[in-house]
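Report on the structure given below.
Throughout, read-outs are computed from the coordinates displayed, never taken from laboratory work. It should be emphasised that the depicted structure is a prediction, and the values quoted were computed from it without experimental measurement.
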Amino acid sequence: MSDDSTTSDDEPRTGQQTPETTRRNTPGKGRRPDARAIEPSAPEEFGLVQAWWGGGKGKTTAALGMGFRAAGHGYRVHLLQFMKGGADSVEDVRGEYNAIAAVPGISYENLGHYGWAGMRDGSDEDDHAAQADAGFKRARELVDAAGEAELTEPLALDGDPEDGVHLLILDELLYAVSMGLLDEADVLDLIRSKPDALELVLTGSHDRPAYLDDVADLVTQVKKEKHPFEAGQRARKGTEF
């Protein structure tokens, strides 16, 4: 008579995992991860569309974290920022740009304009619209370029984004839509035109981007419960910029 606790190949039955089988079924097989040299590589399962929105802090931070993680695996990553002009409390340098410059495989562009649209901060509303339009045209160029590249193969870590990227982050694009600077229909067209292997990450907007319901694979709301800005804290170097 067989032992009911095991299958014929000595594997525990469902619901009766042992520490050994748990390790075998875990990525990394239970081994401690160590840092390794970054070499060009290609992702095996990229191609999803992600959207990060909400009134809480952390949307760009989350996208950047994914970008650095992907770059650490040797994938080609590009960050295109909309509406990242800052305010007078923010210096003309961002820590993430310095970090990006130090890591192979990840690059950035900032097509934002000083201030924020609709905030009466003295910035020119026409300039905001022009910059958002320029940013979207650039996003379309990068998506089209990715369609011409072989994304299932490694890409040069120091290559131009016009040569293709595995992960494209369109930071604050959703804000540009919610503020009426870009059209929802154009964003949907951009998403539907992307190559299958391109991972596309969109961030921004305090308003739920319901127009993405049928095209986004991951939608995360970043919800604010408390923020130091409400108590008068200004943007801090190293956390907000």
remark   = Amide H contacts under 5 Å for Tyr108, restricted to residues at least 5 apart in sequence or on another chain and with H modeled in the peptide plane, are Leu79
request  = Kindly flag which residue pairs out of Lys137/Lys223; Lys137/Lys194; Lys57/Lys226; Lys59/Lys223; Lys57/Lys137 have an alpha-carbon separation exceeding 21 Å in this structure.
outcome  = Lys137/Lys223; Lys57/Lys137
request  = Could you give the C-alpha radius of gyration of the stretch 197-237 expressed as a fraction of 2.2 N^0.38 Å, taking N as the number of residues it contains?
outcome  = 1.63
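Mind checking the alpha-carbon convex hull of the stretch 40-231 and giving the volume per residue in Å³?
On the way: hull volume 22.3 nm³, N = 192.
It is 116 Å³ per residue.
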ask   = Residue-wise, which Karplus ³J(HN,Hα) couplings in Hz belong to the stretch 97-109, taking 6.51 cos²θ - 1.76 cosθ + 1.60, θ = phi - 60°, and x for glycine or proline?
value = 5, 5, 5, 4, 4, 8, 10, x, x, 10, 9, 8, 9
ask   = For the stretch 163-169, in order, what is each residue's ³J(HN,Hα) by Karplus, 6.51 cos²θ - 1.76 cosθ + 1.60 with θ = phi - 60°, in whole Hz (x at glycine and Pro)?
value = 8, x, 9, 8, 9, 10, 9
